[in-house]
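S.K.: Handing you a structure now.
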Amino acid sequence: MSDSQSDHRAEARKGPLAGLRVLDFSRILSGPYASMVLADLGAEIIKIEPMGGGDDTRNFPPFQGGLSHYYIALNRSKKSIALDLKSEDGLRIARQLAATCDIVLENFRPGVMDRLGLGYETLRAGNERLIYASITGFGANSPHSDKPAFDIVAQALSGVMSVNREPGQAPNKLGLPLGDMAGSIFSLFGLLAALHERNVTGQGRHVEVAMLDSMIALQGYLSQIYFVSGESPQPVGTQHPSIVPYGAFPTADGHVIVACLTERFWHNFARCIGRADLIDDPRFAAYEARLANRGALEPLIHAAMAGEGTEHWLSRLTEFDVPNAPILSIGEALEQEHVAAHGLIEEVTHPEAGPLRLVRGPILFDGEGPSPASPPSLLGADTGEVLREALGLGEAELRALEARGVLSCGAGPTPRRDAG
């Protein structure tokens, strides 16, 4: 390997976003997930937290060594600054930091950052290259704009909860906090596109993403079912609204997932369960026929599979090349061989909580994942370092600001708010 290639590999190991600085005002989940991914990709994340308690998620049980599981999950590899944004000095420091940053990220309701004096137009005036990302529940032009929005609210309004259930059962939310995460994921698309554009034009952008818009964008083929048929998709549990057989099928001791997305897989599956005769049965010979006759086909499948256990069927389905899977718990999923083979879990050491296991980001560059993570910071642990390096503040000025309650340079135990 040439020296230039070696240098490129070493630089790439830092992450493709190395050298970018992000000022992160976001909290809870929709926003912190996005900044964590940016950190995984090499960006420097400066997380602004309120004085006293910090991000609310620092107080969500359960805890490890006083550190919230929720905060651990979303805030690796970030620097924490404890800053009073209601003070003039705190606002001044925030604006000065924004002038040194490539990206500002926030997830307040529309208008809040403007009222604080930290809106897009204000910060852009001091940094025309600034890319400013706003994640909101509903956006500025929605009849819901002023309402608070959390994951379950976005899920309910998106229609997703209406289909996330077995027929005849009560609506249910997704187990994943996808309403929150969708806003973060789409904001990342926008941020990376804006960074590319800035490389050409030299100008930043205001990237705006609403959680509800993001959830509706993720409806995929469900929205098209409505547009094509004029009827809302109905709940089918683990089954598929238009593909049969697909979903969880009972065995003698549990369930197994089968996904016959193509005709080849349907033919393989019919042979697997000893019912090759179903392949040429006119009721089941094509997609539309199987969908129309789901009520007749599924009992035949259940009868064929009921006599053997899950392990038998997993082995046999694999032998016949039918897409299949067991239904794992979260713990089983994290401990499975695939996760170990891909190195998806790493361990870091936190000064309060001790050894922490973290789920790594899934993106590989040249066969390698993200650089090793650093543990979530204690509240305000990085205030002094960041302000010395980014703004050139001296120790005397830092101590004076701390004495006036503008910021905190302490790295002691994070205060926990009363859960009541």
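The values are calculated or read from the model by the stated rules, or taken from the named source; none is laboratory data. Note that the structure is predicted; figures quoted are calculated from it, not measured. Backbone-built Cβ (ideal geometry, glycine too); neighbour counts: all protein chains shown.
S.K.: Just to verify a result, which residue in region 205-232, among those that are assigned to a helix (DSSP H, G or I) and of a type in the set (Val, Ile, Thr), is farthest from residue 136 (Cα to Cα)? Steps first, please.
M.R.: Step one: list which residues in region 205-232 are assigned to a helix (DSSP H, G or I), which gives 211-217, 221-229.
Checking the rest, the ones that are also of a type in the set (Val, Ile, Thr) come to 216, 225, 228.
Working: 216: 14, 225: 28, 228: 30 Å.
Per the criteria, the residue is 228.
S.K.: Does region 250-291 hold any residues that are of a type in the set (A, V, I, L, M, F, W, C), outside any loop (DSSP other than H, G, I, E, B) and free of Cβ contacts under 8 Å to residues at least 24 places away in the same chain, and which are they?
M.R.: To start, the set of residues in region 250-291 that are of a type in the set (A, V, I, L, M, F, W, C) comprises 252, 256-261, 265-266, 269-270, 272-273, 276, 278-279, 284-286, 289, 291.
Subset that is outside any loop (DSSP other than H, G, I, E, B): 256-259, 265-266, 269-270, 272, 276, 278-279, 289, 291.
270, 276, 278, 279, 289, listed by residue number.
S.K.: Working carefully through the options 274, 202, find the one that is within 30 Å of residue 136 (Cβ to Cβ) and surrounded by fewer than 12 Cβ atoms within 10 Å (Cβ to Cβ). Break it down into steps so the answer makes sense when it comes.
M.R.: Working: 274 fails: within 30 Å of residue 136 (Cβ to Cβ).
Selected residue: 202, the only one of 274, 202 that is within 30 Å of residue 136 (Cβ to Cβ) and surrounded by fewer than 12 Cβ atoms within 10 Å (Cβ to Cβ).
Rundown of residues vs (1) at pLDDT 95 or above; (2) surrounded by 20 or more Cβ atoms within 10 Å (Cβ to Cβ); (3) farther than 17 Å from residue 219 by Cβ, yes/no style:
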{"site": "154", "(1), (2), (3)": "yes, yes, no"}
{"site": "167", "(1), (2), (3)": "no, no, yes"}
{"site": "175", "(1), (2), (3)": "no, no, yes"}
{"site": "178", "(1), (2), (3)": "yes, yes, no"}
{"site": "184", "(1), (2), (3)": "yes, yes, yes"}
{"site": "187", "(1), (2), (3)": "yes, yes, yes"}
{"site": "191", "(1), (2), (3)": "yes, yes, yes"}
{"site": "195", "(1), (2), (3)": "yes, no, yes"}
{"site": "198", "(1), (2), (3)": "yes, no, yes"}
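S.K.: Step by step: first the residues of region 347-406, then only those that are part of a loop (DSSP other than H, G, I, E, B) and of a type in the set (D, E, K, R), then the one that is surrounded by the fewest Cβ atoms within 10 Å (Cβ to Cβ). Which residue is that?
M.R.: First, pick out the residues of region 347-406 that are part of a loop (DSSP other than H, G, I, E, B): 351-353, 360-364, 366-367, 369-382, 392-394, 404-406.
Still in the running and of a type in the set (D, E, K, R): 352, 360, 366, 382, 404.
Details: 352: 16, 360: 18, 366: 8, 382: 20, 404: 12.
My answer is 366.
S.K.: Can you tell me which residue is surrounded by the most Cβ atoms within 10 Å (Cβ to Cβ) among those in region 59-111 that are basic (Lys, Arg) and part of a helix (DSSP H, G or I)? First the steps, then the outcome.
M.R.: Our first condition is that a residue be basic (Lys, Arg); within region 59-111, this holds for 76, 78-79, 86, 92, 95, 109.
Now drop any that are not part of a helix (DSSP H, G or I), which leaves 92, 95.
Values: 92: 13, 95: 17.
Out of the qualifying residues, it is 95.
S.K.: I would also like to ask the following. Check whether at least one residue in region 148-169 is in a strand (DSSP E or B), over 22 Å from residue 74 (Cβ atoms) and in contact (Cβ under 8 Å) with a residue 24 or more places away in the chain, and report yes or no.
M.R.: Within region 148-169, the first condition is being in a strand (DSSP E or B), and the residues that meet it are none.
Checked region 148-169: no residue is in a strand (DSSP E or B), over 22 Å from residue 74 (Cβ atoms) and in contact (Cβ under 8 Å) with a residue 24 or more places away in the chain.
S.K.: Turning to a different aspect of this structure: Listed residues 304, 333, 340; which is under 17 Å from residue 247 (Cα atoms), in a helix (DSSP H, G or I) and of a type outside the set (Ser, Thr, Tyr)? Working first, answer last.
M.R.: Working: 333 fails: under 17 Å from residue 247 (Cα atoms); 340 fails: under 17 Å from residue 247 (Cα atoms).
After applying the criteria, what remains is 304.
S.K.: Is it the case that some residue within region 14-29 is at pLDDT below 95, more than 28 Å from residue 81 (Cα to Cα), in the same structural domain as residue 53 (by TED's automatic domain parsing) and more than 20 Å from the chain's Cα centre (by Cα)?
M.R.: Within region 14-29, none of the residues are at pLDDT below 95, more than 28 Å from residue 81 (Cα to Cα), in the same structural domain as residue 53 (by TED's automatic domain parsing) and more than 20 Å from the chain's Cα centre (by Cα).
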